[in-house]
Amino acid sequence: MTKIEGIPQLLGTTETWVDEGGVHWLPASELHVRQVAAIMNEVHARFVTITAVELSGGQGFRLEYHWDLGGELLGFPFEVSGNSIESIYDLCEAVDWIEREVHEGFAVDFIGRECEPLLLRAGDRLGVNLHEVVQ
Amino acid sequence: MSYKIPMGPYHPALEEPYKLDMFCDGETVSDAKLHIGFNFRGIEHLAETRNYIQVIALMERVCGICSNIHTLTLCQAMEKLTGLTPPPRALYIRVVMAELERLHSHVLWAGIAAKLMGFKTMFMSCFALREKIMDVLQAISGNRVNYSMNCIGGVNRDITDPQAVLTGVEQLEREMVRTIIPIFTSSTTAQSRCAGIGVLSNEKAVSCGVVGPTARASGVAQDLRRAAPYAAYSDFEFNVPVESAGDVRARLRVRALEIMESCRILRQALTKMPPGEWNGGEKKLVFFTGTALSRVEAPRGEVVYSVSWKENSRNPARVHVRTPTFQNMPAIRWMVMGARLADTPLIQASIDPCYSCTDR
């Protein structure tokens, strides 16, 4: 069993990887983002980025977390029904700026940390859903 | 006595606008805080309002130095969503453009580093060389900054005479071996100015998730051209220079050695370029519903594009760009902690920051 194949077992899920669009996705709804971050640390995966996607019909957001393991890109999608998700900043220092950017660009709150202004200099506009503003 | 020194957003030691608040004890920096966002353009959101042709032109403007890399990464992602595979010749041309751009970027950076070291003659030499690299890029693409080379399914222009480009590259290589490479790898002046400053330990490099030459100078041997080959990189032999010291000198050496490796890749690509088509031809593209990710090793490190599409739509549903500087910049805080105030401009420059990419 390769390191990647063993990850679902480490996460305690019976789901398997789905290869799509250049990514190994693990679409397991029961997963918790902090649990994933801890396992990624354990297997020495490198954090890559978080992509925020606004779902249609006001259904919230999907946050796609990506890690690199030996050149393979791993993806973990998390549906955010409200506008908040737990921060993994204390587990993974590399997420600092991207969590702040997602907070600013999509008004998603990361529980457990303060998000200081990053890309938007006007403080009163912080946390605005820019996606909606553009549309 | 403790005090705070704000550097930027407009400062003689900064090439582009950002701000570094440095907390100092005497001449020593005890901590620092970075502020970016002075030129935020909202390009990702704008991309959702552009069709699949316009979005390529838009994303080429994310960066003025590695513009080709952005369209390459975007086109690779869009090819996954359309099922198109570029012909072999197009993949070779993409490698040629990417490596020429790496040369251009590294030589430009070497010039700026030389200026910050107080080595103005080398600054002039580097910028003269950079002009010649841009001449080669212009000869291939017709453009000097935004090359418009990549399209979905291939490239927009052929390299009609690879031998002429090779002659130009070999001439450049000879000049670089005579000027830049010895200065940045063995000159006592440059080495002593850069040794031991701006250290980013291997542990901190891993923890911050830094990428590109910044990571490789801290002993992290990651390079997507080797780890996850794209375009035609799996056809070429090259080394990935790695240094362990993590200081400015190590970053200097890694980039100097990468210049030589780029020349090596260019020689192979231009010599072995396969004949045939260079793009998929004119046709209406059909996108699948879904998300595709693409990664490329840009001069400053890994660029990531996540592109989502809904079937029958002309515009992307989402384009997310993770640029290397966005990942590398937070590490500046750890590099300047404990440094002398006078060294901080050079330390900041040593990651080769691109604010245009960061404030995309």
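Nothing in this text is a laboratory measurement; each read-out follows from the coordinates by a stated rule. Nothing here was measured: the structure is a model prediction, and the numbers come from that model. Backbone-built Cβ (ideal geometry, glycine too); neighbour counts: all protein chains shown.
Taking the Cα centre of each part, how many Å lie between the stretch B:211-233 and the stretch B:306-358?
16 Å
Restricting to DSSP loop positions (anything but H, G, I, E, B) with no more than 12 other Cβ atoms inside 10 Å of their own Cβ, which GluC sites (Glu not before Pro) remain in the stretch A:64-119?
Here the GluC sites (Glu not before Pro) that fit, given the DSSP loop and packing criteria, are A:Glu114.
Please compute the net charge surrounding B:Thr28, taking Lys and Arg as +1 and Asp and Glu as -1 over other residues with Cβ under 14 Å from its Cβ.
Charge balance in the 14 Å sphere: -2.
When the scattering of the stretch B:49-151 is computed by the Debye formula from its Cα atoms alone, each counted once and equally, what is log10 I(q)/I(0) at q = 0.14, 0.20 Å⁻¹?
Taking Cα atoms of the stretch B:49-151 as identical point scatterers yields -0.59, -0.99.
Can you give the local net charge around A:Gly75? Use residues other than it whose beta-carbon is closer than 15 angstrom to its beta-carbon, Lys and Arg +1, Asp and Glu -1.
Combined, the nearby Lys, Arg, Asp and Glu give -1.
Using alpha-carbon positions, what is the distance between the centroids of the stretch B:149-201 and the stretch B:12-79, in Å?
Using only Cα atoms, the two centres lie 23 Å from each other.
What's the average, rounded to a whole number, of partner chain beta-carbon atoms within 10 Å of each residue's beta-carbon in B:318-328?
So the per-residue partner count for this stretch is 4.
Where Lys and Arg each count +1 and Asp and Glu each count -1, what net charge lies around B:Glu131 among other residues with Cβ under 14 Å from its Cβ?
Net charge around B:Glu131: +1.
Quick one: order B:Thr82, A:Thr2, B:Thr325 by neighbouring beta-carbon count within 10 Å, fewest to most.
In order of increasing Cβ crowding within 10 Å: A:Thr2, B:Thr82, B:Thr325.
Among the listed pairs B:Lys80/B:Lys132; A:Lys3/B:Lys204; B:Lys33/B:Lys132, give every one whose C-alpha distance is greater than 30 Å.
B:Lys80/B:Lys132; B:Lys33/B:Lys132
Filter the GluC sites (Glu not before Pro) in the stretch B:207-314 down to the DSSP loop ones having no more than 11 other Cβ atoms within 10 Å, then list what survives.
Those that pass, being in a loop and sparsely packed, are B:Glu237, B:Glu282, B:Glu311.
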